[in-house]
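Here's the structure we're looking at; comments come further down.
The values are calculated or read from the model by the stated rules, or taken from the named source; none is laboratory data. Model, not experiment: these values are computed from the prediction. Here Cβ is always computed from backbone atoms with ideal geometry, including for glycine, and neighbour counts include all displayed protein chains.
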Amino acid sequence: MSNRNRADPTQQDQNKLIAQRREKLAQWRASGGAFPNDFRRDSLAAELHGRFGERTAQELEETAVPVKVAGRMVGKRVMGKASFAHIQDMSGRIQLFLSRDDLPPERYQQFKGWDVGDIIGAEGHVYKTQTGELSVKISDIRLLTKSLRPLPEKYHGLADLEARYRQRYVDLIVNESARHTFILRSRIIECLRAAFNARGFLEVETPMMQPIPGGAAARPFITHHNALDANLYLRIAPELYLKRLVVGGFEKVYEINRNFRNEGVSTRHNPEFTMLEFYQAYADYHDLMNMTEELLRHLAMEVLGTDQLCYQGEPIDLGTPFARRSVREAILEHNPRLSAAELDDREALCGVARELDIDVRPHWGLGKLQLEIFEKTTEHRLREPTFITEYPRDVSPLARPKDANPLVTERFELIIAGREIANGFSELNDADEQAQRFREQVAEKEAGDEEAMFYDADFIRALEYGLPPTAGEGIGIDRLVMLFTDAPSIRDVLLFPAMRAQAEPE
RNA sequence: GGGCCGUUAGCUCAGCUGGUAGAGCAUCGGACUUUUAAUCCGCUGGUCGUAGGUUCGAACCCUACACGGCCCA
């Protein structure tokens with residue numbers, strides 16, 4: 001990134017290219033009618049390709065269908081008294097052919113002064129060039145918006161990652177793959193919404209600003225409400241509100257929205273990220289695993305047309321049933337030197353954890369140690385879709401314990417390509433036990449765990465009215481989109497990823 | 001927070017052992033009525049991220065800082 005050309009608009013344009021374009025704009029203003037907004041197009045590029053792409057040149061010449069198109073000029077080839085240009089609209093690109101003698105007087109001369117990047121509107125008729133490219137033979141053309149800044153080079157596009165993230169608008173103009181990623185993201189969310197609606201779920205919106213942040217183990221952002229003179233937290237999860245709604249009788253609810261976690265930024269973490277969270281009464285975690293598997297397979301077929309994904313060179317098969325194994329089984333499988341007996345021996349696990357360079361805290365219990373060891377040694381090795389089940393009770397304070405073994409819960413996480421994609425469980429609906437779990441969390445918070453949960457008395461009150469047996473799950477949309485678009489970084493699937501503020505924006 | 005790497009023209013990138021900076025594309029001027037990374041001819045364009053230091057001399061060596069990338073916590 002250049003630090004030159006600072007923000008003061010009266011002082012800018014040290015850059016010759018910008019100065020030249022500003023001069024062209026000044027002439028346009030002087031001639032009157034700059035920045036008009038009375039041009040109406042009647043066709044998009046992709047529509048033209050769809051309607052006329054298969055027609056022969058002769059058929060098109062006979063019908064001479066008149067069209068009006070508009071978009072950003074992304075290519076310009078002037079050859080004496082005739083020119084080609086490509087314009088790009090939200091659907092794609094279409095070529096324009098201009099011949100001086102087909103245009104009003106002076107128009108061709110004006111066109112020659114316009115720049116790649118300018119927004120133009122044109123009318124003419126659909127035809128095919130000698131090479132068979134569907135194009136519009138122009139009878140008149142107008143400049144609609146003057147672009148003052150030159151676009152990146154046409155061949156390499158914009159490659160600098162910092163520039164692509166900070167100036168996403170430029171990235172979207174010049175990089176087809178970026179447009180594709182965000183269009184696919186939109187389709188994925190659209191498809192998920194349709195799937196939940198079809199299953200009878202009700203879409204809801206719950207507070208983003210919460211007096212007590214709950215539903216996950218994470219550090220929250222704090223903000224302040226002036227009129228109430230009260231601190232509020234940006235939500236780390238919608239979970240406790242969604243369960244209140246199930247108490248209220250909305251037995252199947254879902255929400256697709258942002259969560260905020262005050263943690264580091266990395267290729268997998270952004271401080272704000274999108275989560276699909278849903279709850280279904282009279283279901284348990286097995287039901288949700290089955291549904292998740294179905295859902296992902298359906299999603300892949302809908303948006304990609306295949307259930308065979310390729311992520312960063314690695315094949316991912318969503319077509320065959322996902323593996324399911326418990327945290328215990330997974331740890332033992334990937335740590336052959338560990339015995340089942342050692343997994344239940346806190347002292348032994350502490351030693352193992354330290355050998356793994358895990359920063360063991362004195363207040364950690366057996367479950368926390370198991371989970372840390374799982375995350376360090378096992379999670380990243382799970383490449384094919386795998387449900388990891390039976391998470392320890394003490395790291396799952398909102399989940400229902402297993403009847404057969406109350407030390408673990410009816411919880412799962414879905415791991416694909418070494419990353420957590422979803423997390424779900426049978427909900428803890430025993431108000432007294434939930435209150436006890438909150439008290440344990442508060443004790444851990446007091447012991448220094450900043451991610452431990454708060455005691456939410458209103459949530460307990462809601463449970464006391466009676467939460468039906470319910471299962472709930474969160475699916476990380478950004479990570480799902482990464483998987484589906486083969487994106488190496490979460491920033492590639494966020495239109496405006498979190499970046500450190502620039503000292504002086506250009 | 002730690003380690004490694006990067007920052008040079010509008011964009012994509014070269015730049016050797018330290019000797020005051022180059023290409024392609026774009027721009028600008030010219031030629032050209034079916035091109036599509038158009039072609040051909042000619043000309044421009046730089047406070048080498050910032051600030052110090054070493055040196056006769058720094059894009060290059062050293063230090064700090066800023067921003068970014070990757071990995072680890």
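Which is part of a strand (DSSP E or B) and under 20 Å from A:T274 (Cβ atoms), of A:T181, A:T223, A:T206?
Result of the check over A:T181, A:T223, A:T206: A:T223.
Can you tell me which residues in region A:53-77 are more than 12 Å from RNA strand B (Cβ to nearest atom), in a strand (DSSP E or B) and loosely packed, with under 14 Cβ neighbours inside 10 Å?
Matches in region A:53-77: A:P66 only.
Hey, which of the strands (runs of 3 or more DSSP E) in region A:298-396, taking only ones fully inside, have at least 2 residues that are closer than 21 Å to A:T409 by Cβ and either under 34 Å from the mean Cα position of the chain (by Cα) or not β-branched (V, I, T) (or both)?
Working: elements: A:308-311, A:314-317, A:323-326, A:386-389.
Strands (runs of 3 or more DSSP E) meeting the threshold: A:323-326, A:386-389.
If A:N423 meets every condition in (1) in contact (Cβ under 8 Å) with a residue 40 or more places away in the chain; (2) surrounded by fewer than 18 Cβ atoms within 10 Å (Cβ to Cβ); (3) not in a loop (DSSP other than H, G, I, E, B) apart from one, which number is that one?
Here A:N423 clears every test but (2).
Using beta carbons and a limit of 6 Å, which pairs, at least six apart or on different chains, have the first residue in region A:62-80 and within 16 Å of A:A46 (Cα to Cα) and the second one of a type in the set (G, A, S) and away from RNA strand B (no atom under 13 Å from the Cβ)?
Short answer, once both residue conditions are applied: A:V67/A:S43; A:V69/A:S43; A:V69/A:A122; A:A70/A:G121.
In this structure, is A:R381 over 30 Å from A:E251 (Cβ atoms), within 16 Å of RNA strand B (Cβ to nearest atom), surrounded by 12 or more Cβ atoms within 10 Å (Cβ to Cβ) and modelled with pLDDT under 90?
no
Given the structure, is A:L172 at pLDDT 95 or above, surrounded by 15 or more Cβ atoms within 10 Å (Cβ to Cβ), aliphatic (A, V, I, L, M) and closer than 24 Å to A:R21 by Cα?
Considered against the rule, which asks whether it is at pLDDT 95 or above, surrounded by 15 or more Cβ atoms within 10 Å (Cβ to Cβ), aliphatic (A, V, I, L, M) and closer than 24 Å to A:R21 by Cα, A:L172 comes out as yes.
Kindly list, by first and then second residue, each pair from a residue in region A:343-363 that is closer than 13 Å to A:I373 by Cα to a residue that is at pLDDT 90 or above and β-branched (V, I, T), limited to pairs with Cβ atoms under 8 Å and residues at least 6 apart or on different chains.
Listed pairs, sorted by first residue: A:L343/A:I331; A:L349/A:I373; A:V352/A:I373; A:A353/A:I373; A:L356/A:I373; A:L356/A:T377; A:I358/A:I373.
Exposed (fewer than 15 other Cβ atoms within 10 Å of the Cβ) and either of a type outside the set (D, E, K, R) or over 30 Å from A:A501 (Cα atoms) (or both) - does that describe any residue in region A:232-246?
Narrowing region A:232-246 to residues exposed (fewer than 15 other Cβ atoms within 10 Å of the Cβ): none.
Within region A:232-246, not a single residue is exposed (fewer than 15 other Cβ atoms within 10 Å of the Cβ) and either of a type outside the set (D, E, K, R) or over 30 Å from A:A501 (Cα atoms) (or both).
Out of all the residues in region A:132-165, which are among the β-branched types (V, I, T) and either near RNA strand B (Cβ under 6 Å from one of its atoms) or without any contact (Cβ under 8 Å) to a residue 60 or more places away in the chain (or both)?
Selection gives A:I138, A:I141.
Could you please give the count of residues in region A:122-131 that are within 11 Å of RNA strand B (Cβ to nearest atom), of a type outside the set (D, E, K, R) and surrounded by 12 or more Cβ atoms within 10 Å (Cβ to Cβ)?
Of the residues in that region, 2 qualify.
Take the residues of region A:83-121 that are farther than 25 Å from A:Y155 by Cα and surrounded by 15 or more Cβ atoms within 10 Å (Cβ to Cβ): which is nearest to RNA strand B (Cβ to nearest atom)?
Among residues in region A:83-121 that are farther than 25 Å from A:Y155 by Cα and surrounded by 15 or more Cβ atoms within 10 Å (Cβ to Cβ), the one nearest to RNA strand B (Cβ to nearest atom) is A:R100.
For region A:445-458, check the following and say yes or no: at least one residue is in a helix (DSSP H, G or I), at pLDDT below 95 and out of contact with any strand residue (DSSP E or B) (no Cβ under 7 Å at 6 or more places or on another chain).
Scanning region A:445-458 turns up at least one residue that is in a helix (DSSP H, G or I), at pLDDT below 95 and out of contact with any strand residue (DSSP E or B) (no Cβ under 7 Å at 6 or more places or on another chain).
Just a yes or no: is a residue in region A:428-437 under 32 Å from the mean Cα position of the chain (by Cα) and hydrophobic (A, V, I, L, M, F, W, C)?
The answer is yes; a qualifying residue exists.
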